[in-house]
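Peer 1: Dropping a structure here in C-alpha coordinates format, bear with me for questions.
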Amino acid sequence: EPDVTIVSGLKDMVVFEGDDVTFQCQVSHENARDVEWKLQDVALQNNEMNEISVEKGKIHKLTLRKVTEQDIGTITFRVGPHMSTA
(Lines give C-alpha, C1' and ligand atoms only; values in the text may rest on other atoms or scores of the structure.)
Protein backbone atom coordinates (compact mmCIF):
# COMPACT_ATOMS: atom_id res chain seq x y z
CA GLU A 1 0.00 0.00 0.00
CA PRO A 2 1.56 3.36 -1.02
CA ASP A 3 2.48 5.87 1.66
CA VAL A 4 -0.13 8.63 1.73
CA THR A 5 1.38 12.11 2.03
CA ILE A 6 -0.08 15.59 2.43
CA VAL A 7 -0.02 17.46 -0.89
CA SER A 8 -1.67 20.67 0.29
CA GLY A 9 -1.75 21.51 4.00
CA LEU A 10 -4.07 23.47 6.27
CA LYS A 11 -4.24 27.26 6.19
CA ASP A 12 -4.66 29.53 9.23
CA MET A 13 -8.14 31.08 9.45
CA VAL A 14 -9.63 34.08 11.24
CA VAL A 15 -13.32 33.67 12.00
CA PHE A 16 -15.99 35.69 13.78
CA GLU A 17 -17.89 34.10 16.65
CA GLY A 18 -21.04 32.40 15.38
CA ASP A 19 -19.65 31.81 11.87
CA ASP A 20 -18.74 28.49 10.27
CA VAL A 21 -15.17 27.76 9.21
CA THR A 22 -13.84 25.08 6.87
CA PHE A 23 -10.35 23.63 6.85
CA GLN A 24 -9.13 21.40 4.06
CA CYS A 25 -6.13 19.22 3.39
CA GLN A 26 -5.30 17.41 0.15
CA VAL A 27 -3.60 14.02 0.29
CA SER A 28 -1.72 12.12 -2.39
CA HIS A 29 -3.94 9.04 -2.66
CA GLU A 30 -7.68 8.36 -2.58
CA ASN A 31 -9.33 6.37 0.21
CA ALA A 32 -6.66 7.30 2.74
CA ARG A 33 -7.07 5.46 6.00
CA ASP A 34 -5.71 6.36 9.43
CA VAL A 35 -6.96 9.95 9.06
CA GLU A 36 -7.63 12.09 12.12
CA TRP A 37 -8.76 15.67 12.82
CA LYS A 38 -8.04 17.30 16.19
CA LEU A 39 -8.78 20.61 17.89
CA GLN A 40 -6.35 21.36 20.74
CA ASP A 41 -5.29 17.67 20.84
CA VAL A 42 -8.91 16.50 21.17
CA ALA A 43 -10.01 14.11 18.42
CA LEU A 44 -13.03 15.38 16.50
CA GLN A 45 -15.97 13.24 15.44
CA ASN A 46 -18.49 13.88 12.68
CA ASN A 47 -21.56 15.38 14.41
CA GLU A 48 -23.89 18.40 14.28
CA MET A 49 -21.06 20.79 15.25
CA ASN A 50 -18.20 19.23 13.24
CA GLU A 51 -18.71 18.11 9.66
CA ILE A 52 -15.93 15.84 8.41
CA SER A 53 -16.02 14.92 4.72
CA VAL A 54 -13.89 13.86 1.76
CA GLU A 55 -14.28 15.33 -1.73
CA LYS A 56 -12.95 13.70 -4.89
CA GLY A 57 -11.32 11.05 -2.71
CA LYS A 58 -8.31 13.21 -1.83
CA ILE A 59 -9.58 16.47 -0.29
CA HIS A 60 -10.35 16.03 3.39
CA LYS A 61 -12.52 18.76 4.89
CA LEU A 62 -13.46 19.78 8.41
CA THR A 63 -16.21 22.34 8.96
CA LEU A 64 -16.70 23.75 12.47
CA ARG A 65 -20.22 25.14 12.81
CA LYS A 66 -21.10 28.29 14.77
CA VAL A 67 -17.67 28.67 16.34
CA THR A 68 -17.28 30.12 19.84
CA GLU A 69 -14.30 31.37 21.84
CA GLN A 70 -13.88 27.79 23.11
CA ASP A 71 -13.00 26.73 19.55
CA ILE A 72 -9.87 28.90 19.46
CA GLY A 73 -6.77 26.80 19.06
CA THR A 74 -4.75 24.56 16.82
CA ILE A 75 -6.45 22.33 14.26
CA THR A 76 -4.42 19.26 13.34
CA PHE A 77 -4.95 16.97 10.36
CA ARG A 78 -3.04 13.70 10.48
CA VAL A 79 -2.74 10.93 7.90
CA GLY A 80 -0.40 8.13 8.98
CA PRO A 81 2.84 9.75 10.17
CA HIS A 82 2.17 13.06 8.33
CA MET A 83 0.59 16.09 10.00
CA SER A 84 -0.54 19.60 9.09
CA THR A 85 -1.65 22.26 11.58
CA ALA A 86 -3.35 25.66 11.45
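The values are calculated or read from the model by the stated rules, or taken from the named source; none is laboratory data. Computed from a predicted structure; not experimentally measured. Don't worry about glycine lacking a Cβ; one is built from the backbone with ideal geometry, like all the others, and counts go over all protein chains shown. The area values use the complete protein model at the heavy-atom level, side chains included, leaving out ligands, DNA and RNA. Shrake-Rupley method; radii C 1.70, N 1.55, O 1.52, S 1.80 Å.
Peer 1: Any idea what the alpha-carbon Rg over 2.2 N^0.38 Å comes to for the chain?
Peer 2: 1.05
Peer 1: Heavy atoms only, probe 1.4 Å: what % of the accessible area of the chain goes to carbon and sulfur, would you let me know?
Peer 2: Answer for the chain: carbon and sulfur cover 47 percent of the accessible area.
Peer 1: Okay, moving on. Could you order peptides 31-40, 44-53 by the average number of other Cβ atoms within 10 Å of their residues, highest first?
Peer 2: Order by mean packing, descending: 31-40, 44-53.
Peer 1: Take residue 43 and residue 61, extend 7 Å from each Cα along the Cα→Cβ direction, and tell me the distance between the two endpoints in nm.
Peer 2: 2.4
Peer 1: Now a separate question. Mind giving me the nanometre distance, one decimal, between the label points for residue 74 and residue 52, set 7 Å out from Cα along Cα→Cβ?
Peer 2: Result: 1.9 nm between the two label points.
Peer 1: By per-residue mean of other Cβ atoms within 10 Å, what is the highest-first order of 10-18, 64-72, 76-84?
Peer 2: 76-84, 64-72, 10-18
Peer 1: If you take the beta carbon distance between residue 33 and residue 12 as r and set R0 to 22 Å, what does 1/(1 + (r/R0)^6) give as a FRET efficiency, to the nearest 0.05?
Peer 2: Computed FRET efficiency for residue 33 and residue 12 comes out at 0.20.
Peer 1: How much accessible area per residue does the chain have, counting only protein heavy atoms and a probe of 1.4 Å, in square angstrom?
Peer 2: Value returned for the chain: 66 Å² of accessible area per residue.
Peer 1: Leaving out same-chain residues fewer than 8 places away, which lysines sit with a Cα under 18 Å from that of residue 11?
Peer 2: The qualifying lysines are 38, 58, 61.
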